[in-house]
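A.B. asks: Sharing a structure with you now.
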Amino acid sequence: MDIKILKDEKNELEVQFDNQTIAELVRVYLNEDSAVKLGVWKREHYSKPVILKIVTEGKTAKKALHDAIAKAQKDLKRYLDEFKKAK
C-alpha cells in the first residue's frame, strides 16, 4: 500500500492512500479521539487516490494518526483472536 504525506503541519495533516477501505477505517478511529476536530477523506475521482485530512487541537495530527492506527490494530487483533477461538 502506498502512503504519501501531502501536508504536514503541527495540527493539520493530509495523507494520500491508495486504499479507500483503510482510509475509512482510520477515519472512524480518528473521530473517536476528542483531540481530533476533523477527520475526513475525499476522492476526486474513482481513479484517483484517497486523501485523508486530519485537524487536531491539543495533540499533533501525526500523534492522532498514530493513535488511531494503533487502536485499530489492537481491535483487529482482538477480533482475530475471537474468530480463532470460535473455530
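Computed from the coordinates by the stated procedures, all read-outs in this text should not be read as laboratory data. As the structure is a prediction and not an experimental result, all values here were calculated from the model. Ideal geometry is used to build each Cβ from the backbone, glycine not excepted, and the neighbour counts take in all protein chains shown.
A.B. asks: With respect to Lys4, is the statement that it is touching a strand residue (DSSP E or B) at 6+ places or on another chain (Cβ under 8 Å) and buried (at least 17 other Cβ atoms within 10 Å of the Cβ) true?
C.D. replies: Working: touching a strand residue (DSSP E or B) at 6+ places or on another chain (Cβ under 8 Å): yes; buried (at least 17 other Cβ atoms within 10 Å of the Cβ): no.
No.
A.B. asks: Can I ask one more? Looking at region 1-26, which of the residues that are part of a helix (DSSP H, G or I) and in contact with a helix residue (DSSP H, G or I) (Cβ under 8 Å, 6 or more places away or on another chain) is nearest to Glu57 (Cα to Cα)?
C.D. replies: Val26
A.B. asks: Read through the list (1) of a type outside the set (Phe, Trp, Tyr); (2) surrounded by fewer than 16 Cβ atoms within 10 Å (Cβ to Cβ); (3) over 15 Å from Leu13 (Cα atoms), then give the number of the only condition that Ala72 fails.
C.D. replies: (2)
A.B. asks: Another question about this same structure. Taking region 27-57, which residues are among the aliphatic types (A, V, I, L, M), under 11 Å from the mean Cα position of the chain (by Cα) and assigned to a strand (DSSP E or B)?
C.D. replies: Val40, Ile51, Leu52, Ile54
A.B. asks: Could we say that Asn19 is without any contact (Cβ under 8 Å) to a residue 12 or more places away in the chain, of a type outside the set (A, V, I, L, M) and surrounded by 13 or more Cβ atoms within 10 Å (Cβ to Cβ) here?
C.D. replies: no
A.B. asks: Being of a type outside the set (A, V, I, L, M) and either touching an Asp or Glu at 6+ places or on another chain (Cβ under 8 Å) or over 18 Å from His45 (Cα atoms) (or both) is the filter here, so list the residues in region 1-13 that pass it.
C.D. replies: Once the filter is applied, which keeps residues that are of a type outside the set (A, V, I, L, M) and either touching an Asp or Glu at 6+ places or on another chain (Cβ under 8 Å) or over 18 Å from His45 (Cα atoms) (or both), region 1-13 yields Asp2, Lys7, Asp8, Glu9, Lys10, Asn11, Glu12.
A.B. asks: So Ala35 fits all but one of (1) closer than 25 Å to Lys4 by Cβ; (2) out of contact with any helix residue (DSSP H, G or I) (no Cβ under 9 Å at 6 or more places or on another chain); what number is the exception?
C.D. replies: (2)
A.B. asks: Any chance you could count how many residues in region 34-65 are on the phi > 0 side of the Ramachandran plot and crowded, with 19+ Cβ neighbours inside 10 Å?
C.D. replies: Total meeting the criteria: 0.
A.B. asks: When region 75-87 is examined, which residues are found to be surrounded by fewer than 11 Cβ atoms within 10 Å (Cβ to Cβ) and either of a type outside the set (A, V, I, L, M) or under 26 Å from Lys37 (Cβ atoms) (or both)?
C.D. replies: Lys77, Arg78, Tyr79, Asp81, Glu82, Phe83, Lys84, Lys85, Lys87
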